[in-house]
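Notes for the one structure printed next.
The values are calculated or read from the model by the stated rules, or taken from the named source; none is laboratory data. Being a predicted model, the structure only gives us computed values, none of them experimental. Cβ: placed from backbone, ideal geometry, glycine included. Neighbour counts: every protein chain shown. Quick note on the areas: whole protein, heavy atoms, side chains included, nothing else; ligands and nucleic acids left out. Shrake-Rupley method; radii C 1.70, N 1.55, O 1.52, S 1.80 Å.
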Amino acid sequence: YQDNQVNPLAGCLPALAQIPIFIGLYRSLLALAKDDKLTEPFLWIPSLEGPSADYTQGITWLTDGWSNGAPPLGWHDTLAYLVLPVVLVASQYVSTSILTPKSDDPAQQQSQAILKFLPLMIGWFSLNVPSGLGLYWLVNNVITTTTTVLIRNSVRGTHFFPHQRARTHTHAHRTHTR
């Protein structure tokens with residue numbers, strides 16, 4: 001990496017920078033949810049504090065308290081809350097497939113196989129936290145993926161390493177002089 005003047009942490013730093021934001025948003029959403037300050041609906045979501053306004057609740061909002069074949073929140077609200085984890089998992093799968101480079105290396109393929117389970121973990125996590133956090137994760141995922149794709153497309157013809165530029169120029173010069 002020193003020969004090519006590439007920082008190996010360059011890809012990790014944006015992700016590491018978001019961890020404090022994510023934790024802060026999580027804690028603020030939990031605090032607002034405990035004070036019942038997020039009761040208004042947003043888009044299709046009945047409430048940004050729901051369905052799990054406390055970290056100790058987990059997915060009890062989905063598993064406990066069924067009566068006459070209906071979930072405790074009612075079918076409408078339960079399905080509205082379940083849309084977000086499903087869309088989040090789908091967007092994570094799409095993002096992973098777009099952004100993960102293809103490789104023939106068996107070790108790389110094994111790590112990529114493990115990455116295929118990451119969207120399911122994120123979906124499970126989003127079932128256990130206030131929906132505002134899942135919404136943040138979804139929007140952040142879409143923006144990050146779109147930005148990365150746009151940047152990749154804009155630099156597709158650009159060479160990042162000086163030896164590639166020199167080789168390309170030499171090849172073009174030989175082709176032109178023939």
Relative contact order of the stretch 26-105, pairs being alpha-carbon contacts under 8 Å that are 6 or more residues apart, as %
19
Before anything else, pin down the relative contact order of the stretch 24-68: Cα pairs under 8 Å, at least 6 apart, normalised by residue count, whole percent.
28
Going highest first, how would you order 60-70, 26-36, 76-86 by mean Cβ packing within 10 Å?
76-86, 26-36, 60-70
Pull out the extension gain between LEU150 and SER67, defined as 0.36 nm times the separation in residues minus the alpha carbon to alpha carbon distance; nm, one decimal.
25.0 nm
Could you give me the ³J(HN,Hα) list for the stretch 87-93, computed from phi with Karplus coefficients 6.51, -1.76, 1.60 and θ = phi - 60°, whole Hz, x at Gly and Pro?
5, 5, 4, 4, 5, 5, 4
Could you sort 128-134, 18-24 so that the peptide with the highest average Cβ count within 10 Å comes first and the rest follow in order?
128-134, 18-24
What number comes out for accessible area per residue over the stretch 30-124 if the probe is 1.4 Å? Units Å², please.
63
